[in-house]
Each structure stands twice: as C-alpha cells, then as structure tokens.
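Notes for the one structure printed next.
The values are calculated or read from the model by the stated rules, or taken from the named source; none is laboratory data. In this text, all values refer to a predicted model and were calculated from it rather than measured experimentally. Note that we place each Cβ from the backbone using ideal geometry, even for glycine, and neighbour counts take in every protein chain shown.
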Amino acid sequence: MLLRYIDAFAAALQQGDYRLTKEITFWLIERTPSHIVWDFAFPCFQLAKMLKKSPAQIAIELAPALESDEYFSSFEAVGPYINAYMKPTMLAKDVLHLVFEQADMYGSWEKTWKVALIESPSPNTNKPLHLGHVRNMILGNTLASIMDFAWYSVKKVEVVNDRGVHICKSMLAYKLFANNQEPDQKSDHFVGKWYVRFSQEEKNDPTLLEQAQTMLQQREAWDPEVVALWKKMRHRVLNGIAQTYKRYGTHIDDATYESDIYKDGKDIVAAWLVDWIFEKDEKWTVVHYLHRDPDPAKVKKLALLRSDGTSLYSTQDIALTKKRYDTYKMDTMIFVIWNEQSYYFQQLFSAFKALWYSFADNCYHFAYWMVYLPDGKMKSREWTVIDADDLADELQQKSFEELQKRYPDTDHNELQIKAESIAMGAIKFFFIKYDPLKDFVFDAQASISFEWETGPYVQYTHARCVSLVQKYQDMYAPIQLDDVEYALYGEDEKELFLEVLSFREAVRQAANEYKPNVIARYVLHLCQLFNKYYQKHQIVSHNRHESVARVACVKVVQQVIKTSLLLLWIDAPEHM
C-alpha cells in the first residue's frame, strides 16, 4: 500500500514547469525518519545536474506548484528536499480496511513457491544443547517462519553429528565408569555428564584419547558391542534433545544422520579424484585447491579425505547438499552456523562450483556470533555453559516469582503456564533483537523485564490491546468499521497507522536480508508508539464515537503485534 502513496506523490511532482516524469521521481521518493513530522520526501540531488541548479533551489521552485489531493494535505521545501504531508483520514481508512480484511495474513507477500532449505541446529549426540545452540535454534526458527510468511516454501533440515571421536569420548567414559547405570536425569544431560567425565579423567590418563580413537575405528568397522553402545547413547541424547526442541518450538522436516551419509561423500570425492577435480597434496590428503602458490603459507585448500581414508565434515556436506538438491530442488540453501565457520563455507561453496553443481551459487552461510555469559566465554568440555533446559527452567522460575508478586490470588497452575510463556518469550526475544553478526552478553534478569526492549514488554502490550478491545465490546458491541468516523483521526493515530503500514516492508527486509532482528526491532518500536498513545488518550470512554475510532486503531496494532510475535515463535497472550 505504501506504493500507492509514493505513486500519488510522484504524480503530484509532475505538476509545475519542470514536467517531471514518474520514471524520474517514483524511485527517488523515500519515507522520512520517524522523528520528522513529514511523511515522504523527494530528494532533488539527481535533478541538479539535469537542470543545472542547486537541489535547494529546485525544491524551492517546485514545491509551491504542488497541489494537495486526496492523499496529501501539503508540500514544503526543506533544504534539498520536497516533503509531503499525508492526510490522516485517507491513511486511516486504507489501513483499517486492509488489516481488518487480511487479519493474520496482513504483512505477508504473495507466494512464489521458491523452495528454501534452512539447516539448523544440527546437534551432536554427546551432550545436551547449550546457549550457543539456543541462538542457532532461535535464529533458524524465526528465519524459517519469516521467509515462509514472505514468499518461500521453507523446509527445516539438519544433520545430526552422531559419529567422530567426540561421540566416542562420552561412550568410553560411560563404559569405563558408569557400571551400566541407567539415566537418573534428563537423558541428554545424562550422556553429557560422561562427556565431561572423560575430560576430567583424561587429565590423569592421557591414554584415554587413544582408547576413544580405537573405539571410533571399532564403530566404523561395525563392532557389535561398540555399535550397541553407540546406538544406546545416541538414542538417549536424541530423546532428550527432542524434548528441548519441543519447548523452544523447533520443528525439523528432514533430519539426516552423519553416520548415514559420510560414505556417500567418500564415494563422490573418490570419483572426482580420478578426474582431477580433486587432488592429493604432499601429505596424501585429498584436497580441493582454491588458490595455488609457490609459498606454502599462501596456498588455500579444502581437505576432503584424510590420508588414511577417513572422512571430514566437508566430505559429508558435499554428499548431503547434493542429496538435498536431488530431493527438494531448492532455490536457496541456508546454513545457520556460527561465524567461525565462515572460511570453511567459502571453501565448501568453491568445491560445489568445481563439481559444477547447479546449486553452488544459491548457498548461503547465515553466520551468527557468540553469546557470552556475564563471566565470560563458555567451555563445553568443562561444561561452564548454560544448558538450554536450565536456561528455560531458570527464566520460568523467575517469571513465576514475578507473576506471584503481581497476581497473588491467581491459581498456581495458571501462573505456571503464564510463566512458561513469558520465560520462552523472554529468551527468544533477547536472542533475536541483536544483529546476528554481533556478540552479546545474555542477561537473564534483564530479559524478563516488563519494560522496554524485552519479550515480556511486547507480550504485555499485546495483552493490553486485547483487553482494551474486549472492554469496548463488553461496553458496546463488536467493532464495525462502518461505525468509525475517520475525521476523528489526527496526528497521533497517523503515526501508528504509518508504522502499521510499514510492517509488510519490514517482513520483506527481514526475509531478503536474512535478518530476523528487523522484526524484533520493528515490533518494539510499534509497541513504544502504542504505549505513548495509550498514555495520552483514553481509549474506551462514554463517548462511543471516539471509543470505536480509537479501539479500531488499537485493534490493527494488536493484530500486527500478534503476527510479529508469532513470526518470532513467541506466544501472543491475551492476558498477563
């Protein structure tokens, strides 16, 4: 709908002596920043060369020739810009009808049915998920929902890393020290305990690493006893992780186990080694050369097979991505993996091109940076980490205690349910609101605040909107747009309507640029505008004409907050 107003402004600019065409003006018009009272601006810089005048002079000469119409009430030259001022009545009518008609689909784009595969979070089967996995999960979930809401057909995929020496470390510690103990805690935490135990015991017995490597060889040779233990430990971890996935809203459409794909990768590499696409280096490792140089320090290459014939992550990634393309014919393949793997993905995508894979140019590494604790970086071997489950439990307890203070007479079970919703909203929003390419420190206490830049603040604003709409309906009747007098709308409402109108563009930007934080920042700003409006105006009063106009405004804000929260995989509660 914004294009309608831009088109009207472009048409107005064709007035006057300059006789500008839409081709010249349409693509130059821009929204003004929120702190500026004007709504659209036309910069005159590009006209300066053509007309041999300064941009400010062009603005001064052109602005008086522009006439108000059904969309704009006035135009004014401000420096090198011509600013346009919209009529609140027309804007209100357009926005209200659009949001009321489209409801939950408001802000979405027409489906193109392009297929996007998003790989996330791809756990290991030797330990539970921790804070780093939480950021991966949340970013993967929200990116998938935003892209699906925009125009893609999205599939969530993952590769479960269930082989390697790190898996055998937890297996070996369990075999040596557990005495066949059954899990006495959540099953993935139970397995993780033995991974930590291995690290502790290895300090006193360096031969443990060699024993773990031997166990890996036995696993690869399909030794019955080792395979049975491997299956038991893997089953325990995956059961526990499935519970964590459910709590965080993670759904996987297609999970592939590394143990099922790595041999396919070895076959592909071996086949292309014969054709000299890949080569053996001086150490007899099979590699893909990205850059050759007489100076060994400047050579760039991707290792694909070790000299002993064992595979690497690159081996499986080549086979798995090809398998995914054969299955889904994806238009986009997005790997959600932390930024320290950026160079690896440059190498991997180069290998795709060397193999003439048609999807090579459509792969994207969605990099994200670290989450830190207040006391520093996490170390999974010593387990100085926050588990995904422990994090959720801690925030749930904090939320429950806060709700008890606010609503001491509310039923205990009801408070527990609300506390879970608030806790998960707090975690997800705190993680999403930061640019993925920035580190941040997770502050558990700050995340559950009911004020300003938090999930509970947005959830509370949504509940407030629902309460106001319900209050009006209890006092009068369900809202009907035919009852709204648009002439009652002024500048305060226009500010809200303009923000509502820009939601579709926020969705487009978030999907195109792979930035879920755009939606988080958008809905925060919308909530702040609404709460300012709420503090200034009595929404429901004994004046029905004013009440229905204001409540209709509240209703469209509530709808957009709800949709934004759902895109971020956060509950939109009706009561707090």
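As a summary of the residue check, residue 372 satisfies the conditions (1) in a strand (DSSP E or B); (2) at pLDDT 95 or above; (3) surrounded by fewer than 19 Cβ atoms within 10 Å (Cβ to Cβ); (4) not small (Gly, Ala, Ser) except for the one numbered (2).
Restricting the range 198-209 to residues that are out of contact with any Leu (no Cβ under 9 Å at 6 or more places or on another chain) and in a helix (DSSP H, G or I), which is farthest from residue 261 (Cα to Cα)? The extreme case among them is 200. Filtered by the rule that a residue be under 30 Å from the mean Cα position of the chain (by Cα), among the polar types (S, T, N, Q) and more than 13 Å from residue 351 (Cα to Cα), the range 302-329 gives a lone residue, 327. Checking each residue in the range 295-344 for being at pLDDT below 95 and assigned to a loop (DSSP other than H, G, I, E, B) picks out 295, 299, 306, 307, 308, 309, 310, 312. The number of residues in the range 210-227 that are over 38 Å from the mean Cα position of the chain (by Cα), among the aliphatic types (A, V, I, L, M) and either surrounded by 19 or more Cβ atoms within 10 Å (Cβ to Cβ) or assigned to a helix (DSSP H, G or I) (or both) comes to 2.
For the subset of the range 106-133 comprising residues that are β-branched (Val, Ile, Thr) and either over 30 Å from residue 231 (Cβ atoms) or at pLDDT below 95 (or both), which member is surrounded by the fewest Cβ atoms within 10 Å (Cβ to Cβ)? Here the residue is 112.
Looking at the range 435-445 only, could you name the residues that are buried (at least 17 other Cβ atoms within 10 Å of the Cβ) and within 10 Å of the chain's Cα centre (by Cα)?
The one that is buried (at least 17 other Cβ atoms within 10 Å of the Cβ) and within 10 Å of the chain's Cα centre (by Cα): 436.
Based on this model, can you work out whether residue 291 counts as under 28 Å from residue 134 (Cα atoms) and in the same structural domain as residue 189 (by TED's automatic domain parsing)? Against the criterion (under 28 Å from residue 134 (Cα atoms) and in the same structural domain as residue 189 (by TED's automatic domain parsing)), residue 291 does not qualify.
Checking the structure you have, find out if any residue of the range 525-534 is more than 29 Å from residue 427 (Cα to Cα), surrounded by fewer than 21 Cβ atoms within 10 Å (Cβ to Cβ) and in the same structural domain as residue 478 (by TED's automatic domain parsing). No, the range 525-534 contains no residue that is more than 29 Å from residue 427 (Cα to Cα), surrounded by fewer than 21 Cβ atoms within 10 Å (Cβ to Cβ) and in the same structural domain as residue 478 (by TED's automatic domain parsing).
Apart from one condition, residue 246 fits all of (1) charged (D, E, K, R); (2) outside any loop (DSSP other than H, G, I, E, B); (3) more than 30 Å from residue 419 (Cα to Cα); the exception is (3). The residues of the range 73-94 that are among the acidic types (Asp, Glu) and not assigned by TED's automatic domain parsing to the domain that holds residue 14 amount to a single one, 94. Taking every residue in the range 181-206 that is farther than 20 Å from residue 238 by Cβ and in contact (Cβ under 8 Å) with a residue 40 or more places away in the chain and pairing it with any residue that is basic (Lys, Arg) and assigned to a helix (DSSP H, G or I), at least 6 positions away or on another chain, the pairs with Cβ-Cβ distances below 8 Å are 199/169. Is it true that some residue in the range 485-501 is farther than 24 Å from residue 453 by Cα, crowded, with 21+ Cβ neighbours inside 10 Å and either assigned by TED's automatic domain parsing to the domain that holds residue 536 or in contact with a His (Cβ under 6 Å, 6 or more places away or on another chain) (or both)? Yes, the range 485-501 contains a residue that is farther than 24 Å from residue 453 by Cα, crowded, with 21+ Cβ neighbours inside 10 Å and either assigned by TED's automatic domain parsing to the domain that holds residue 536 or in contact with a His (Cβ under 6 Å, 6 or more places away or on another chain) (or both). From the list 49, 53, 111, the lone residue that is closer than 30 Å to residue 560 by Cα and of a type in the set (D, E, K, R) is 111.
Residues of the range 54-95 that are among the β-branched types (Val, Ile, Thr), in contact with a strand residue (DSSP E or B) (Cβ under 7 Å, 6 or more places away or on another chain) and buried (at least 21 other Cβ atoms within 10 Å of the Cβ): 82 alone.
Out of 187, 170, 199, one residue alone is modelled with pLDDT under 95, within 30 Å of residue 135 (Cβ to Cβ) and either of a type in the set (Ser, Thr, Tyr) or touching an Asp or Glu at 6+ places or on another chain (Cβ under 6 Å) (or both). It is 199.
Per-residue answers, yes or no, for (1) assigned by TED's automatic domain parsing to the domain that holds residue 526; (2) modelled with pLDDT under 90; (3) not aromatic (Phe, Trp, Tyr):
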position	(1), (2), (3)
20	no, yes, yes
24	no, yes, yes
43	no, no, yes
46	no, yes, yes
55	no, no, yes
61	no, no, yes
67	no, yes, yes
71	no, yes, no
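The number of residues in the range 164-197 that are outside any helix (DSSP H, G or I) and not polar (S, T, N, Q) comes to 6. Take the residues in the range 264-283 that are out of contact with any strand residue (DSSP E or B) (no Cβ under 8 Å at 6 or more places or on another chain) and outside any loop (DSSP other than H, G, I, E, B), then tell me which one is nearest to residue 119 (Cα to Cα). Only one residue fits best here, namely 264.
When 539, 561 are checked against the criterion of being in contact with a helix residue (DSSP H, G or I) (Cβ under 7 Å, 6 or more places away or on another chain), surrounded by 14 or more Cβ atoms within 10 Å (Cβ to Cβ) and either at pLDDT below 95 or under 22 Å from residue 423 (Cα atoms) (or both), 561 stands alone in meeting it. Set side by side, the residues 74, 54 differ, and just one is under 25 Å from residue 496 (Cα atoms) and not basic (Lys, Arg), which is 74. For the range 445-487, filtering for residues that are modelled with pLDDT of 95 or more, assigned to a helix (DSSP H, G or I) and either in contact with a Gly (Cβ under 9 Å, 6 or more places away or on another chain) or within 16 Å of residue 402 (Cβ to Cβ) (or both) leaves 7.
Filtering 426, 360 for residues that are within 19 Å of residue 570 (Cα to Cα) and aliphatic (A, V, I, L, M) leaves a single hit, 426.
Among residues of the range 11-24 that are part of a loop (DSSP other than H, G, I, E, B), those with a Cβ under 6 angstrom from a residue that is of a type in the set (Val, Ile, Thr) and modelled with pLDDT of 70 or more, sequence gap 6+ or separate chain, pair up as 13/25. If the condition is being hydrophobic (A, V, I, L, M, F, W, C) and closer than 15 Å to residue 100 by Cβ, then the range 466-495 contributes 469, 479, 481, 484. For the range 480-501, the tally of residues that are within 21 Å of residue 564 (Cβ to Cβ) and of a type in the set (A, V, I, L, M, F, W, C) stands at 5.
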